[in-house]
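Below is one structure, written out as structure tokens, with a few remarks after it.
The values are calculated or read from the model by the stated rules, or taken from the named source; none is laboratory data. What you are looking at is a predicted structure, and each value in this text was computed from that prediction instead of being measured. Don't worry about glycine lacking a Cβ; one is built from the backbone with ideal geometry, like all the others, and counts go over all protein chains shown. The accessibility values were calculated without ligands, DNA or RNA, using every heavy atom of the protein model including side chains. Shrake-Rupley method; radii C 1.70, N 1.55, O 1.52, S 1.80 Å.
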Amino acid sequence: IEEVLGYVDMVTAQTLLFSATTPSWIQSISAKYMSDPLRLDAVGQNEQRTATTVAHKAMLVPDNDKVRMSLLEDLITVEAGVESKTIVFTQTKREADELSSGSAFRVLSSGVLHGDLTQKQRDVTLAGFKSGKFKVLVATDVAARGIDISNVDVVVQTSMPQNSDSYVHRAGRTGRAGRKGTSIVLYTQRQRYGVTRLEKEIGNGFSFQKH
């Protein structure tokens, strides 16, 4: 962003900054490149940070990666049906590849999206997901921001997100344009406190379930 702004005459340019979240680096850039900006906060610091069209669920799962991954297809099918459009977020590119190419999905078709793919591969994958060629998109956070995919019914996060901003962006892939959606985060017993902290940070409670 700063490299692009380096080519702009910031004295005469009209500059507008839009962001779903405002982490410290966003605040630093706005302070550095904008002169006395008018800030419009559509959320507020102490209000709910997620869309009201999204139902938030937390599911307790065993602290075992193989068992956790084996639950995904049944979870998606029960939550929204085999015709649903689902994004499954993983923490790593390796996990995304293993999920998409392994035995996690036997009935549902899936594709994978992460930073190691070429732009052409990403475009083909996104086009296939949007058209319904496959129903599950397994992705890292590369799909959490700046990508507009309509009609996503369910977002599943295979483990606790690194921070609340990450959760907000991921959950924001569903419940768009007035449609209802569901965001599910999987957690283990030792991560229970992290879920409580996340509830406070996003200003929204979870509906708790067991596998």
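Max-minus-min Cα coordinates of the stretch 121-211 on each principal axis give 39, 26, 25 Å, with the largest extent listed first.
Once the chain from E201 to A31 is taken as fully extended at 0.36 nm per residue, the excess over their C-alpha distance is 58.8 nm.
Considering only G203, S183, P37, the residue lying farthest towards the positive end of the dipole of the chain is S183, judged by Cα position with unit charges set on Cβ. Net charge dipole, the chain: roughly 560 debye, given to the nearest 20, about the Cα centre with Cβ charges of +1 for Lys and Arg and -1 for Asp and Glu. Dipole orientation for the chain: of the candidates V168, Y7, V156, V156 has the Cα lying most toward the positive pole (charges on Cβ; Lys, Arg +1; Asp, Glu -1). Taking amide H atoms as placed 1.01 Å from N in the peptide plane, the amide H of A55 lies under 5 Å from those of G181, T182, S183, each 5 or more residues away in sequence or on another chain. When the solvent-accessible area of the chain is split by element, carbon and sulfur atoms take up 50 percent of it, the probe being 1.4 Å. Other residues within the sphere of radius under 13 Å centred on the Cβ of I76, judged by their own Cβ, net out at -1 (K and R +1, D and E -1). Sparsely packed loop sites in the stretch 58-149 (the GluC sites (Glu not before Pro) outside DSSP H, G, I, E and B with at most 15 other Cβ atoms within 10 Å) comprise E83. Dividing the summed -39500 (n - 2.57) terms of all DSSP H runs of n ≥ 4 by the residue count of the chain sets its mean residue ellipticity at 222 nm at -9500 deg cm²/dmol. Taking amide H positions as modeled 1.01 Å from N, with prolines and chain starts lacking one, the residues under 5 Å from V138 and 5 or more places away or on another chain are V88, G111, V112, L113. Heavy-atom accessible surface of the stretch 39-184, averaged per residue, reaches 50 Å², computed with a 1.4 Å probe. Between Y7 and D123, the FRET efficiency estimated from the beta carbon spacing at R0 = 25 angstrom works out to 0.40.
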